[in-house]
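The structure appears below as structure tokens.
Please treat every number below as a calculation from the coordinates, not as lab data. Computed from a predicted structure; not experimentally measured. Note: ideal-geometry Cβ built from the backbone for every residue, glycine included; neighbour counts use all protein chains shown.
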Protein chains: 2
Amino acid sequence: MKIGVIGGGQLGRMLALAGTPLGQQFAFLDPAPDACAQALGEHIRADYDDHEHLRRLADEVDVVTFEFESVPAETVAFLSQFVPVYPNAEALRIARDRWFEKSLFRELGIPTPAFADIQSQDSLDTAVKHIGLPAVLKTRTLGYDGKGQKVLRQPEDVRGAFAELGSVPCILEGFVPFTGEVSLIAVRARDGQTRFYPLVHNTHINGILSLSVASSAHPLQALAEDYVGRVLDKLEYVGVLAFEFFEVDGGLKANEIAPRVHNSGHWTIEGAECSQFENHLRAIAGLPLGSTARVGESAMLNLIGSVPPVEQVTAIADCHLHHYGKAFKAGRKVGHATLRCHDASTLRSRIAELQSLINTA
Amino acid sequence: MKIGVIGGGQLGRMLALAGTPLGQQFAFLDPAPDACAQALGEHIRADYDDHEHLRRLADEVDVVTFEFESVPAETVAFLSQFVPVYPNAEALRIARDRWFEKSLFRELGIPTPAFADIQSQDSLDTAVKHIGLPAVLKTRTLGYDGKGQKVLRQPEDVRGAFAELGSVPCILEGFVPFTGEVSLIAVRARDGQTRFYPLVHNTHINGILSLSVASSAHPLQALAEDYVGRVLDKLEYVGVLAFEFFEVDGGLKANEIAPRVHNSGHWTIEGAECSQFENHLRAIAGLPLGSTARVGESAMLNLIGSVPPVEQVTAIADCHLHHYGKAFKAGRKVGHATLRCHDASTLRSRIAELQSLINTA
């Protein structure tokens, strides 16, 4: 079976590393000449709206998926005429737009911070009156890793904020005094079977995920699975979905979803029986899902800007390096490392060991 | 770092799957147009004695290794002028030839079946008188998977046997009434550090490895490590070495070595902290070695001739499929599956489950 992937970055690369042992082949459509997934499959170098090359991809592969949610809707619509695309266009439409996303949460009874649609500075001023400050103004589409958003703390932060984010459709979200950020990685098969990985506790630095720790028997696991299951079934979703929550007062408030394999699930390569990458491929290929159970205690640390010297990373016990083969650049995710240990206290000391390497790199 | 591999079969393919996350790139020199490793790196399609292409490979990569031991000695000598080659030429010279191999075991005090160099039918007749029957006549070089050998049980089996194996240099080995076959996968770093995986119990069918089961605290582990360590140090070996033994009377007799990653070590991908493939690459790249400790109870079953339907293999719990992407052909290794379980009794039932699939495939 040949899998087409829209985008050829590290997520595509890790999909191919997981799918090659299943006998799958890969083609990546990505305009970047140095797309790092090309080491593991065919690279169709074309823009995402290039119908000629999209058609070529559709003709070559059995199923298409994508590694980022800002794929243009018309790209998915075009491809869907010729080949199955998973997750489906509706999932992408919702996940791509914070307004649709939050509206779906509300419709499904999933708690989420107060929010309002912002189409102008006037509507922002009105919304601030209802929601109060602090609040966060975010572009409805195209935001990631803390980009495309602005925290409004004081009334003077509100002035001109709509223009500051480019005068594009936005959403205002009430600020949530959360005690932690967790994500649930879920997978749904073509036949509707769903499986959930253990909740992951995430730490962000400057809006970019820094550390994910897989939890053991988290008290909110069942609640999170209930919420995520509602979204999966409503969207008739196929593949891996990541769902980010704020922990608030012992409960959960939905932050956002990503209709794809997710950075906070990278630990599953070593830390779960079957990784998020393999399970995504199993789902879209119509295969039975693999086990989402943990193997030991795991954590994942992102390598941002540069990868520390490989001989130092590999010298850390229980450490598994994932170098993405990308050019180093400040703020860019260029790799991650997973630590898998027998017990939580060893894990904590390994995290400290790796962090000291990252901070001095 | 770019790694050159002589040979582009499944071992090269699994090396690349292990090395890509370390940031390594791969080039495979293999004359076969359909070499299955080419999905994961550059394919230099050339014969193993093609100096022009060997030179190109040497110029492109930082280090060269190989995935089979019958690489011509002059290929290694030629490459070694331009680029480090691991394991070294001496290791290859010994491992390629059963006479040199057995002579080294004897020199190092490692028990091995009685053996004699056979250069003619006359020398075979003489050797049979000393060693007795049953015995096994094997070509000194190029034998694998039970090919290039003949069991001599009766005096009439001896007649014409030398010609039957092609009138090439052979070795006669006394038949050993073994109770089991085990292998030890070892790795030695550039700085001389060595690590050993747990002993593996192997079952062959028609001379081809069928099943490998990783053992837990095998009583002969320390003895095997002692024997293998002698060979590693004597050869100043760098990389993974597989050492096959017969279990005889509660002790070990050396059968043969393979100077490379080995089929009986495939279970380490899921079943050990760091796989034989990653450890081979760490060794030849001058990186620290990874842990050889077990993760759960593991077994590996070869898929020979064909891979059963992927949806059936992936439906087995605890099962990890490795499809080599090769054309199916009777007697050909086209994949393997690893079972990793929490306990030995679950492992036994999973093995039975997978075997029933393989036998009916």
Residue among A:Pro111, A:Ser291, A:Thr338 farthest towards the positive dipole end of chain A, charges placed on Cβ: A:Thr338
task: Can you pull the one-decimal nm distance between simple spin-label points at A:Ser210 and B:Gln154, each 7 Å off the Cα toward Cβ?
output: 7.9
- prompt: Measuring from centroid to centroid over Cα atoms, what is the spacing of region A:140-216 and region A:1-55 in Å?
  reply: 27
task: Go through region A:261-268 residue by residue and turn each phi into a ³J(HN,Hα) via Karplus (6.51, -1.76, 1.60, θ = phi - 60°); whole Hz please, and just put x for glycine and proline.
output: 4, 9, 3, 6, x, 5, 4, 5
Likely footprinting exposure, B:His336, B:His266, fewest C-beta neighbours within 10 Å first: B:His336, B:His266
- request: Give the relative contact order (percent, whole number) for chain B; include only Cα pairs under 8 Å separated by 6+ residues.
  value: 13
- line: Once the in-chain neighbours fewer than 8 apart are removed, the aspartates and glutamates whose Cα is under 20 Å from B:Lys326 read A:Glu42, A:Glu60, A:Asp62, B:Asp30, B:Asp34, B:Glu42, B:Asp47, B:Glu67, B:Asp145, B:Glu311
query: How high is the relative contact order of region A:114-174, in percent, with contacts defined as C-alpha pairs under 8 Å that are six or more residues apart?
result: 51
field: Other-chain or far-sequence residues with amide H under 5 Å of B:Arg260's (modelled H)
entry: B:Ala242
statement: With 0.36 nm assigned to each residue of separation and the Cα-Cα distance removed, B:Thr203 to B:Ala222 gains 4.7 nm
message: Taking the beta-carbon count within 10 Å as an exposure proxy, list A:Asp343, B:Asp49 from fewest neighbours to most.
response: A:Asp343, B:Asp49
- line: Highest GNM mean-square fluctuation among A:Arg45, A:Arg13, A:Arg98, for chain A with Cα springs under 10 Å, belongs to A:Arg45
field: Reachable lysines, given that their alpha-carbon falls under 25 Å from the alpha-carbon of B:Lys150 and they are not under 8 places away in the same chain
entry: B:Lys102, B:Lys129, B:Lys138, B:Lys253, B:Lys329, B:Lys333
task: Just subtract the alpha-carbon distance of A:Gln81 and A:Leu133 from 0.36 nm times their residue separation and send over the number in nm, one decimal.
output: 14.1 nm
Efficiency of FRET between B:Arg348 and B:Asp191 - r from beta-carbon atoms, R0 41 angstrom, step 0.05: 0.55
task: Using a 10 angstrom cutoff on alpha carbons, build the Gaussian network for chain B and name the most mobile of B:His53, B:His130, B:His322.
output: B:His130
field: Length gained when the stretch B:Leu108-B:Ser123 is fully extended (0.36 nm per residue, less Cα-Cα span)
entry: 2.8 nm
- line: Here region B:317-330 yields Karplus 3J(HN,Hα) values (6.51, -1.76, 1.60; θ = phi - 60°; whole Hz; Gly and Pro given as x) of 5, 6, 9, 10, 7, 10, 8, 8, x, 9, 5, 6, 7, 3
query: Copy-to-copy spacing for B:Ala217, label 7 Å out on the Cα-to-C-beta vector, in nm, shortest first?
result: 2.6
task: For A:Lys147, go through the aspartates and glutamates and keep the ones whose alpha-carbon is under 14 Å away, minus same-chain ones fewer than eight residues off.
output: A:Glu164
- prompt: Once you put a point 7 Å from the Cα of A:Asp233 and another 7 Å from the Cα of A:His51, both along the Cβ direction, what distance in nm separates them?
  reply: 4.0
- request: Please list the non-local residues whose amide H lies under 5 Å from the amide H of A:His43, H modeled 1.01 Å from N, same-chain partners needing a gap of 5 or more.
  value: A:Phe28
query: Relative contact order (percent) for region A:139-279, with alpha-carbon contacts under 8 angstrom and 6 or more residues of separation?
result: 23
task: Sum up the charges of everything whose Cβ sits under 12 Å from the Cβ of B:Pro155, counting Lys and Arg as +1 and Asp and Glu as -1, but leave B:Pro155 out.
output: 0
- prompt: Non-local amide H neighbours of B:His218 (under 5 Å, H modeled in plane, Pro and chain starts lacking H): which ones?
  reply: B:Leu199
query: What are the nm distances, shortest first, from B:Ala114 to its equivalents in the other copies, labels at 7 Å along Cα→Cβ?
result: 9.4
Across the identical copies, how the A:Lys329 labels are spaced - nm, sorted shortest first, 7 Å along Cα→Cβ: 4.5
